[in-house]
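Enquirer: One structure is given below, represented as structure tokens, and several questions about it will come after.
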There are 2 protein chains.
Amino acid sequence: MVKPLTKKQEAIFLFIKQSIKKTGFPPTVREIGNQFSITVKGAYDHLKAIEKKGYLHCEAGKSRAIELLVNKEDVYPDVCSIPVVGTIAAGIPVLAQENIESYIQLPSGLLPQGTLFALRIKGDSMIGAGIFNGDIAVIKQQSDANNGAIVAALLDDEATLKILKKTERKVHLLSANEKYGVITADTISILGTLAAIFRTY
Amino acid sequence: MVKPLTKKQEAIFLFIKQSIKKTGFPPTVREIGNQFSITVKGAYDHLKAIEKKGYLHCEAGKSRAIELLVNKEDVYPDVCSIPVVGTIAAGIPVLAQENIESYIQLPSGLLPQGTLFALRIKGDSMIGAGIFNGDIAVIKQQSDANNGAIVAALLDDEATLKILKKTERKVHLLSANEKYGVITADTISILGTLAAIFRTY
DNA sequence: GACTATAATATACTAATGTATAGTTATTGT
DNA sequence: ACAATAACTATACATTAGTATATTATAGTC
């Protein structure tokens, strides 16, 4: 789709990316010219050539108004900032400021759309599903889930991961560890479904 | 350390951050003034006040030359770009371009220092350690590891996760699954130790 | 051979942008 | 009561920076 850049264009495109990364804003055409010891117009023509090939877009008239269209993730990584929630006070929404402990950045490309939050796993009740104490679980917020899905449910002011099993009239929450029993109830408050697990060693 | 911002300053600081996030470059003083329906000098004075309080730095004379000093991570997330390596051709280094399939962004604050790379797990040989088929394993590159550590070792052009056990003269690689046997050798080429696991559902 | 793209220079023009002067009004702490 | 800070206006000026004209030279393509 996008035409290949010439060596010079490649070098200039790289310089633009590095400038943004270093200073936080794109260079002017004169700054580009200076870097490569060429005149303003030389740099300007290169910039326009790179734009024509679809690698970036310049807003006409504005200074330093270079928007990257290719390799954006080199400069602005494509991540999602997910709130990590701790103990959840009854009554208030899960994502209320009071519940948010910190934020974690994870690759947005690998996560589902929708409202996400993260829990720090306590205990070994889901060890059979490869979810360990201390793991960070990313949850996609939703009030219901499919049979057999791993869900976050609110039990005693704690968001807990369990396997959801629905039968005729009852809802069951299973653990992935024989040591733990099954919780059965008429209705259960589901916070969301498991979207990802992150663990550090 | 840093003085608190006034409400107006807070709003302007937020606008600057959002502008960078949206367009990729900071606003001019006139763009700030426009947003808040104040004159150029009004916006300029606010900018200088915010700078004086240490939240940002303006390079004199340059356009849009606003460098964030506080809350940088809101705009430029603090992530590490980790190469995901696939099949490893014998003889060439693990991190050679030929081996790199893609990159994954993970939070640098939760990862160790040093050279990192990632593997996509194939098979269920480490299921007992909560490492499943399809998981992404982040490896810290090192040629040796402690006894009992989970390591990535090179077996038949594949980087494989195993538990390292060292005895008097031999090195053993254990699986975390009874179905698999133990590999024993005089020496083994260790690529690194397990630093993190990332899994999506 | 005509044509297009690349890579330049020198010079110039204009629009965009940072910075300054001079003043107003209100608020707050000493 | 006074000084300092905040939050503005209107106007002006100088510099920065994008854009244009005209020109040269080389290399590959139809």
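The values are calculated or read from the model by the stated rules, or taken from the named source; none is laboratory data. Since the model is a prediction, treat every value here as computed from it, not as a measurement. Cβ sites come from the backbone with ideal geometry, for glycine too, and all protein chains shown count toward neighbours. Note: areas computed on protein heavy atoms with side chains; ligands, DNA, RNA excluded. Shrake-Rupley method; radii C 1.70, N 1.55, O 1.52, S 1.80 Å.
Enquirer: Over the protein assembly as shown, with the other protein chains present, what is the accessible area per residue in square angstrom, probe 1.4 angstrom?
Expert: Value returned for the protein assembly as shown: 53 Å² of accessible area per residue.
Enquirer: If I fit a long axis through the Cα atoms of helix B:40-52 and take the longest principal axis of the Cα atoms of chain B, what angle between them do I get, 0 to 90°, rounded to 10?
Expert: Helix B:40-52 and the main axis of chain B meet at about 50 degrees.
Enquirer: When the Karplus curve 6.51 cos²θ - 1.76 cosθ + 1.60 is applied with θ = phi - 60°, which whole-Hz ³J(HN,Hα) does each residue of the range A:177-193 get, with x for Gly and Pro?
Expert: Once θ is set to phi - 60°, the couplings for the range A:177-193 become 6, 4, 5, 9, x, 9, 9, 10, 8, 6, 9, 9, 8, 8, 8, x, 10 Hz.
Enquirer: Taking all protein chains in place and a 1.4 Å probe, what share, in percent, of the accessible surface of the protein assembly as shown do carbon and sulfur account for?
Expert: 52
Enquirer: Would you mind giving the mean number of other chain beta-carbons within 10 Å of the Cβ of each residue in A:105-114, as a whole number?
Expert: 4
Enquirer: Taking a label point 7 Å from Cα toward Cβ, how far is A:Lys170 from its twins in the other copies, in nm, shortest first?
Expert: 5.2
Enquirer: Ok, one more. So for the pair B:Lys166, A:Asp74, with labels modelled 7 Å out along Cα→Cβ, what separation do we get in nm?
Expert: 4.0
Enquirer: Any idea how far apart B:Glu178 and B:Asn133 come out in nm if each label point goes 7 Å out from Cα toward Cβ?
Expert: Inter-label distance under the simple model: 2.0 nm.
Enquirer: Under 25 Å Cα to Cα from B:Lys3, which lysines show up? Leave out anything in the same chain fewer than 8 places away.
Expert: Result set, ordered by chain and number: B:Lys17, B:Lys21, B:Lys41, B:Lys48, B:Lys52, B:Lys53, B:Lys72.
Enquirer: Further, regarding this structure: Please give, to one decimal in nm, the separation of the simple spin-label points placed at A:Ile100 and A:Ile38, each 7 Å out from Cα toward the Cβ.
Expert: Spacing of the two 7 Å Cα→Cβ label points: 4.5 nm.
Enquirer: Something else: Given the protein chains as shown and a 1.4 Å probe, how many square angstrom of A:Ser108 are accessible, to the nearest 10?
Expert: 30
Enquirer: How many angstrom lie between the C-alpha centres of the range B:168-201 and the range A:179-201?
Expert: The distance from the Cα centre of the range B:168-201 to that of the range A:179-201 comes to 30 Å.
Enquirer: Report the calculated FRET efficiency for B:Ser143 and A:Asp45 (r = Cβ-Cβ distance, R0 = 51 Å), to the nearest 0.05.
Expert: 0.55
Enquirer: Ok, one more. So which lysines can A:Lys170 reach, going by Cα to Cα under 24 Å and dropping same-chain residues fewer than 8 places off?
Expert: Here the lysines satisfying the reach criterion relative to A:Lys170 are A:Lys140, A:Lys162, A:Lys179.
Enquirer: Picking from A:Gln142, A:Gln105, A:Gln113, which is most flexible by a Gaussian network model of chain A using Cα springs under 10 Å?
Expert: Fluctuation is largest for A:Gln113.
Enquirer: Also, quick follow-up: To test your reading of the geometry: what angle, between 0 and 90 degrees and rounded to tens, separates the Cα axis of helix B:7-23 from the longest principal axis of chain B?
Expert: 50
Enquirer: Moving to a separate point now. Dipole magnitude of the protein assembly as shown about its Cα centre, charges +1 at Lys/Arg Cβ and -1 at Asp/Glu Cβ only, in debye to the nearest 20?
Expert: With Lys and Arg at +1 and Asp and Glu at -1, about 1340 debye.
Enquirer: Name the long-range amide H neighbours of A:Tyr103: under 5 Å, sequence gap of 5 or more, or other chain; modelled H, no Pro or chain starts.
Expert: Hits under the 5 Å cutoff: A:Val84.
Enquirer: In addition: Return the sequence-ordered ³J(HN,Hα) values of the range B:60-74 in whole Hz as given by the Karplus equation 6.51 cos²θ - 1.76 cosθ + 1.60 applied to θ = phi - 60°, using x for Gly and Pro.
Expert: 4, x, 7, 7, 6, 7, 9, 10, 6, 10, 10, 6, 4, 5, 5
Enquirer: Still on this model: At 222 nm, what value in deg cm²/dmol follows for chain A if DSSP H runs of at least 4 each add -39500 (n - 2.57) and the sum is divided by all its residues, to the nearest 500?
Expert: The helix-only estimate for chain A comes to -6000 deg cm²/dmol at 222 nm.
Enquirer: Round to a whole angstrom and tell me the spacing of the C-alpha centers of the range B:16-41 and the range B:50-110.
Expert: About 24 Å separates the Cα centre of the range B:16-41 from the one of the range B:50-110.
Enquirer: Distances in nm, one decimal, shortest first, from B:Asp45 to the same residue in every other copy, taking the label point 7 angstrom along Cα→Cβ.
Expert: 4.8
Enquirer: Considering every Cα-Cα pair within the range B:128-174, what fraction, in whole percent, is farther apart than 14 Å?
Expert: I get 54 percent for the Cα pairs in the range B:128-174 exceeding 14 Å.
Enquirer: Can you give me the relative contact order of chain B as a percent, contacts being Cα pairs under 8 Å and 6 or more apart?
Expert: Computed over chain B, the figure is 14 percent.
Enquirer: State the Kirkwood hydrodynamic radius of the protein assembly as shown in Å, one decimal place, computed from all pairs of distinct Cα atoms.
Expert: Across the protein assembly as shown, the inverse of the average 1/r is 24.7 Å.
Enquirer: On full extension of the chain, what length is gained from B:Leu155 through B:Thr23, given 0.36 nm per residue of separation minus the C-alpha to C-alpha distance?
Expert: 42.8 nm is the gain from fully extending B:Leu155 to B:Thr23.
Enquirer: Another question, if that's okay. From the backbone phi of the range B:132-143, what are the Karplus-calculated ³J(HN,Hα) couplings (6.51 cos²θ - 1.76 cosθ + 1.60, θ = phi - 60°) in whole Hz, Gly and Pro given as x?
Expert: Here the 3J(HN,Hα) series is 10, 4, x, 4, 9, 9, 8, 10, 8, 5, 6, 8 Hz.
Enquirer: If you don't mind, there's one more thing I want to ask. Using per-residue counts of other Cβ atoms within 10 Å, averaged over each peptide, order A:191-198, B:26-33 from highest down.
Expert: So the peptides A:191-198, B:26-33, ranked by packing, come out A:191-198, B:26-33.
Enquirer: Hey, can you list the residues from the range B:176-201 whose accessible area shrinks by 50 Å² or more with all protein chains present, relative to the chain by itself (probe 1.4 Å, no ligands or nucleic acids)?
Expert: Residues passing the criterion (a loss of at least 50 Å², heavy atoms only) are B:Ile197, B:Phe198, B:Arg199, B:Tyr201.
Enquirer: Something else now. List, shortest first and in nm to one decimal, how far the label point of A:Thr6 (7 Å from Cα along Cα→Cβ) is from its counterparts in the other copies.
Expert: Here the equivalent label points are 5.4 nm apart from this one.
Enquirer: Something else about it: Using a 1.4 Å probe and ignoring any ligands, DNA or RNA, find the accessible area of A:Ser19 and quote it in Å² to the nearest 10.
Expert: 20
Enquirer: What percent does the relative contact order of the range A:79-198 come to when contacts are Cα pairs within less than 8 Å and at least six residues apart?
Expert: Normalised by residue count, the contact order of the range A:79-198 is 25 percent.
Enquirer: Among A:Pro112, B:Val40, A:Gly148, which residue has its Cα positioned farthest towards the positive end of the charge dipole of the protein assembly as shown, with +1 placed on the Cβ of Lys and Arg, -1 on the Cβ of Asp and Glu, and the dipole taken about the Cα centre?
Expert: With unit charges placed on the Cβ atoms, the residue in question is B:Val40.
Enquirer: Separate question: So who's got an amide H within less than 5 Å of the one on A:Ser63, skipping anything under 5 residues away but keeping other chains? H placed 1.01 Å off N, in plane.
Expert: Under 5 Å from the amide H of A:Ser63: no residue qualifies.
Enquirer: Kindly compute the accessible surface that chains B and A hide from a 1.4 Å probe when together, both sides summed, and give it to the nearest 100 Å².
Expert: Summed over both sides, the interface buries about 3000 Å².
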